[in-house]
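The numbers here are math on the coordinates, done by the rules we state, and not lab data. Keep in mind that what you see is a predicted model, and the values were worked out from it rather than measured. Reconstructed Cβ throughout: ideal geometry from the backbone, glycine too, with neighbour counts over all protein chains shown.
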């Protein structure tokens, strides 16, 4: 192997990243002051009393619906840009302890984290760095405040699998440099297995919120991207709801091809996360139920995100009563059923298949008209496959049925075969050294 390729495949995921790759689909829950005020973004002038919910949130209902969708966890907006906290923080009065919720004794973060444990789900936290309300914002004292709140969230709610830092900031916000390195060090100390996402070193933003992933999504990318993510101001805006890639360094279309990597001094393992809402809104309003995506749309997003070497973070916003709407619950149930149905009828599955002359072969016990192929690389040996071809086997004859690019953590190939085949042959046509598959499955 040439020296430059050795440099590429020498970039490996950390233990926390390898663990995260086992759970590629999870749910975002946007809920808070904006829900009560029926807004996407607050103003920073709200009073805790404006959080008017008095009945308990249906946290167990959320967890049950998320589980039915086949998702592995929940990330909750513990504090959005307006600064209102869903937990009784000791460091601000602008939080749930001064609201009518449960007579000022409530803690929605605890209710949701407890419901996650009950249903076997992972729990993650979203904490907005931008804070419209806190008077310390824009001064060094704000970094202390932010770290204190991080400490509360990372110490009082059990194991945290992901910490989500939004890069959004209003045009009129004070120009302020967050102490990212301090935030990261604190997370590593308190929750060493938590992945830090978007404005963080473990998971990058895919570049849009329309559910669009790249044709070739790479995990090995220039290390400069992790710095570029810190200054992104495009997250959660309506401008990118179409799925169009932002023309930013961190979100260009090609992030990891050889032509890009050869010009980068340092490389990192930095997989992408697709964050998209189940509707056209992030927080619940009258238009949420009217714009819920169809099962077909959700499956397309799933197969191009989870099945395209990305993580999928699907937002589902509860209503003003703290419940998922009936339409949201049905959409999640249908989505989960469709995910399960896609791999319910295996023609053959093989873990760690053997490579022979750059080919992998999968033989069926009986002929099958394959609809889905699932491929996974052994990411402990980096991401290597750059292009491959799939062939249907008919006795001694083979017919090409698919040509594609990278595989990475997972690649889902949706096929339209007209004849039943005896097996499949995967031919790796471009690779960074010898490829290593950890899984090859075909489904009728």
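Could you list 84, 25 in order of exposure, starting from the residue whose Cβ has the fewest other Cβ atoms within 10 Å?
In order of increasing Cβ crowding within 10 Å: 25, 84.
So between residue 400 and residue 215, what do we pick up on full extension, going 0.36 nm a residue minus the alpha carbon distance?
Answer, rounded to one decimal: 64.6 nm.
For n ≥ 4 DSSP H runs only, could you compute -39500 (n - 2.57) per run for the chain, divide by its residues and tell me the 222 nm figure to the nearest 500?
Mean residue ellipticity at 222 nm (helix-derived): -6500 deg cm²/dmol.
Can you sort 144, 181 by how many other beta carbons sit within 10 Å, fewest first?
Exposure proxy ranking, most exposed first: 181, 144.
Rounded to the nearest 0.05, what FRET efficiency is calculated for residue 363 and residue 5 with R0 set to 35 Å and r the Cβ-Cβ distance?
0.65
With axes computed from alpha carbons, what is the tilt in degrees of helix 180-190 against the longest principal axis of the chain, rounded to the nearest 10 within 0 to 90?
So the helix axis and the longest Cα principal axis differ by about 80 degrees.
Once the Cα atoms of helix 59-68 and of the chain are each reduced to a long axis, what angle between those two axes, in degrees from 0 to 90 to the nearest 10, is obtained?
10
Please give, to one decimal in nm, the separation of the simple spin-label points placed at residue 12 and residue 119, each 7 Å out from Cα toward the Cβ.
Reported label-point gap for residue 12 and residue 119 is 3.6 nm.
For residue 135 and residue 105 in one chain, what is 0.36 nm times their gap in residues minus the Cα-Cα distance, to one decimal in nm? Let's see the in-between values first.
Working: separation 30, 0.36 × 30 = 10.80 nm, distance 2.49 nm.
Full-extension gain reported as 8.3 nm.
State the Kirkwood hydrodynamic radius of region 157-233 in Å, one decimal place, computed from all pairs of distinct Cα atoms.
Computed over Cα pairs of region 157-233, the Kirkwood hydrodynamic radius comes out at 14.0 Å.
If packing is taken as the mean number of other Cβ atoms within 10 Å per residue, what is the order of 6-16, 170-180, highest first? Kindly include the intermediate steps, with their values, before the conclusion.
Details: 6-16: 15.6, 170-180: 12.2.
Going by the mean number of other Cβ atoms within 10 Å, highest first, we get 6-16, 170-180.
Going by average Cβ density within 10 Å per residue, which order do the peptides 65-71, 435-441 take, highest to lowest? Before the final figure, lay out each step's value.
Working: 65-71: 21.3, 435-441: 19.4.
Answer by packing, highest mean first, reads 65-71, 435-441.
Under the rule a/c < 1.5 gives rounded, and otherwise a/b versus b/c splits prolate from oblate, where does region 346-443 land using the Cα gyration tensor?
prolate
For residue 224 and residue 45, calculate 0.36 nm times their separation in residues minus their Cα-Cα distance, and state this gained length in nm to one decimal. Spell out each step's value before the answer.
Numbers: separation 179, 0.36 × 179 = 64.44 nm, distance 3.67 nm.
Gain on stretching residue 224 to residue 45: 60.8 nm.
Quick check on region 273-363: take the gyration tensor over C-alpha atoms, sort the square-rooted eigenvalues as a ≥ b ≥ c, and tell me if it's rounded (a/c under 1.5), prolate or oblate.
Prolate, since a/c reaches 1.5 and a/b exceeds b/c.
Any chance you could give the angle, 0 to 90 degrees and rounded to 10, that helix 295-305 forms with the longest Cα principal axis of the chain?
With rounding to tens, the tilt is 80 degrees.
Assign one of three labels to region 3-342, namely rounded, prolate or oblate, based on the Cα gyration tensor with a ≥ b ≥ c the square roots of its eigenvalues; rounded applies when a/c is under 1.5, prolate when it is not and a/b is larger than b/c, and oblate otherwise.
oblate
Which of the peptides 362-368, 315-321 is most tightly packed, and how do the rest follow, judged by the mean count of other Cβ atoms within 10 Å per residue?
Output ranking for 362-368, 315-321: 315-321, 362-368.
Suppose each label sits 7 Å from its Cα in the direction of the beta carbon; what would the residue 171-residue 188 distance come out to in nanometres?
Going from the residue 171 label point to the residue 188 one covers 3.8 nm.
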